[in-house]
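**Student:** Submitted below is the structure of interest, expressed as structure tokens.
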Amino acid sequence: GVSMGQILADVQAVNLHALMNPETNAELHGRILCDQEPNTLYI
């Protein structure tokens, strides 16, 4: 069986995936286009 810890880790990984955070990705893209620091943990 799968442990509850593994299920929780999988859910957290999905929530951090880029497709689940389009606003954050748009902001990151805009900051890079404007020659600003990304200011994020994603990079």
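**Student:** Does residue 12 satisfy being open to solvent by 100 Å² or more (accessible area, probe 1.4 Å) and in a helix (DSSP H, G or I)?
**Tutor:** yes
**Student:** Here is a follow-up. Of the residues in the range 17-39, how many are on the phi > 0 side of the Ramachandran plot and touching a helix residue (DSSP H, G or I) at 6+ places or on another chain (Cβ under 8 Å)?
**Tutor:** Total meeting the criteria: 1.
**Student:** Could you run through the range 15-38 and say how many residues are part of a loop (DSSP other than H, G, I, E, B) and either open to solvent by less than 100 Å² (accessible area, probe 1.4 Å) or modelled with pLDDT under 80 (or both)?
**Tutor:** The number of residues fulfilling the criteria is 5.
The values are calculated or read from the model by the stated rules, or taken from the named source; none is laboratory data. Every value quoted in this text rests on a predicted model; they were computed, and no experiment measured them. No Cβ is skipped: glycine too gets one built from the backbone with ideal geometry, and neighbour counts run over all protein chains shown. Heavy atoms of the whole protein, side chains included, go into the accessibility calculation; ligands, DNA and RNA do not. Shrake-Rupley method; radii C 1.70, N 1.55, O 1.52, S 1.80 Å.
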